[in-house]
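Peer 1: Take a look at this one; I'll ask things after.
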Amino acid sequence: MNRKEKFKQANREANATWLALLIVIVFWCVAGFGLADVKVEFFQTPLWVWAGCIGTWLFAIVVSVAVSYTHLRAHETLRHL
């Protein structure tokens, strides 16, 4: 891979990271603010708190793993297989 291709790949990876961040922020808004009117509670804590905190944390882990997996797959060559 030459220098130009490396920069192109790095740019794609950076764009994927920004997109992942945007998706996590949208999920946080929907999970937290979207559930604010729901009157469900677990351990005397409203559902929007669980979804906005724990749900977003778990969702961010899933998105991070997906981005990392895609990043690693992009760098695989026949030598790695």
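Yes/no matrix, rows are residues, columns are (1) open to solvent by 60 Å² or more (accessible area, probe 1.4 Å); (2) over 28 Å from H71 (Cβ atoms):
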{"position": "R12", "(1), (2)": "yes, no"}
{"position": "N15", "(1), (2)": "yes, no"}
{"position": "W18", "(1), (2)": "yes, no"}
{"position": "I23", "(1), (2)": "yes, no"}
{"position": "F27", "(1), (2)": "yes, no"}
{"position": "F33", "(1), (2)": "yes, yes"}
{"position": "A36", "(1), (2)": "no, yes"}
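Peer 1: Under 9 Å between Cβ atoms, which residue pairs at least 6 apart in sequence (or on different chains) link something in segment 1-20 that is among the polar types (S, T, N, Q) with a partner that is open to solvent by less than 90 Å² (accessible area, probe 1.4 Å)?
Peer 2: Here the result reads Q9/A74; Q9/H75; T17/V67; T17/H71, each pair linking segment 1-20 to a residue that is open to solvent by less than 90 Å² (accessible area, probe 1.4 Å).
Peer 1: For segment 41-52, how many residues are among the aliphatic types (A, V, I, L, M) and open to solvent by 60 Å² or more (accessible area, probe 1.4 Å)? Please lay out each step first, then the result.
Peer 2: The initial filter retains those residues of segment 41-52 that are among the aliphatic types (A, V, I, L, M), namely 47, 49, 51.
So of that shortlist, the ones also open to solvent by 60 Å² or more (accessible area, probe 1.4 Å) come out as none.
So the answer is 0.
Peer 1: While we're on this one: Would you mind stating whether T56 is out of contact with any His (no Cβ under 8 Å at 6 or more places or on another chain) and farther than 23 Å from L72 by Cβ?
Peer 2: Yes; evaluated as a whole, the condition is true for this residue.
The values are calculated or read from the model by the stated rules, or taken from the named source; none is laboratory data. As the structure is a prediction and not an experimental result, all values here were calculated from the model. Glycine gets a Cβ as well: all are built from the backbone with ideal geometry, and neighbour counts include every protein chain shown. Side chains included, ligands, DNA and RNA excluded: accessible areas come from the protein's heavy atoms. Shrake-Rupley method; radii C 1.70, N 1.55, O 1.52, S 1.80 Å.
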